[in-house]
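See structure below.
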Amino acid sequence: MKNLVSVLMVLIIGFGLIIGLQIFLSSRKNKWWGLIMPLLGIGYSLIIVGSMVAFNETSTTVTIHTEDGTVIEKVEGEGETLPSKNIGKIVGTSIILFIVSNIPTLIYLAIYFGCREKLKKNQQLKNMQIQDLE
């Protein structure tokens, strides 16, 4: 139980630091700094989807142990093309995986646009105060 609480605390602190970093980057005058984390999120999700597609097995290996201890391996279906049913499953799974893995990216973008809107309002207030002084 103590171990679980420790892990949860580390995760909460880690998520807090990442969100704080996104807020810090989004609050900079240069708008491109705030887009670093969303771009990393999209890249990460593309790596996840690409690896799922790349490492999809099309062959099976059967290992048989005989009584005297020798191993017999038989590879079935090596080099076969995927049936259309499997391609449909792969595409469907890839789309769902891409959407789910981009949830942090959407959170980063929401923080980015919120911070940029706040910066824009502050700039407009400064401009209004300058005009009032004239």
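The values are calculated or read from the model by the stated rules, or taken from the named source; none is laboratory data. None of these values were measured; they are calculated from a predicted model. Because the Cβ atoms are built from the backbone with ideal geometry, glycine has one as well, and the counts that use them run over all protein chains shown.
Annotations for the structure displayed:
- Every residue from segment 94-117 that is more than 14 Å from Gly20 (Cα to Cα), assigned to a helix (DSSP H, G or I) and either in contact (Cβ under 8 Å) with a residue 24 or more places away in the chain or touching a His at 6+ places or on another chain (Cβ under 9 Å) (or both): Ser94, Leu97, Phe98, Ser101, Thr105, Arg116
- Among residues of segment 78-122, those that are in contact with a helix residue (DSSP H, G or I) (Cβ under 8 Å, 6 or more places away or on another chain), at pLDDT below 90 and of a type in the set (A, V, I, L, M, F, W, C), counted: 2
- Residue in segment 60-69 that is modelled with pLDDT under 90 and at positive phi present: yes
- Leu125 being surrounded by 12 or more Cβ atoms within 10 Å (Cβ to Cβ), outside any loop (DSSP other than H, G, I, E, B) and modelled with pLDDT of 75 or more: no
- Here Phe15 meets each of (1) over 18 Å from Leu106 (Cβ atoms); (2) part of a helix (DSSP H, G or I) with one exception, condition (1).
- Conditions (1) touching a Phe, Trp or Tyr at 6+ places or on another chain (Cβ under 9 Å); (2) modelled with pLDDT of 95 or more: number failed by Leu17: (1)
- Matching residues, segment 99-122, being among the small types (Gly, Ala, Ser) and surrounded by fewer than 17 Cβ atoms within 10 Å (Cβ to Cβ): Ala110, Gly114
- Tally, over segment 1-24, of residues that are touching a residue at least 24 places away in the same chain (Cβ under 8 Å) and more than 16 Å from the chain's Cα centre (by Cα): 1
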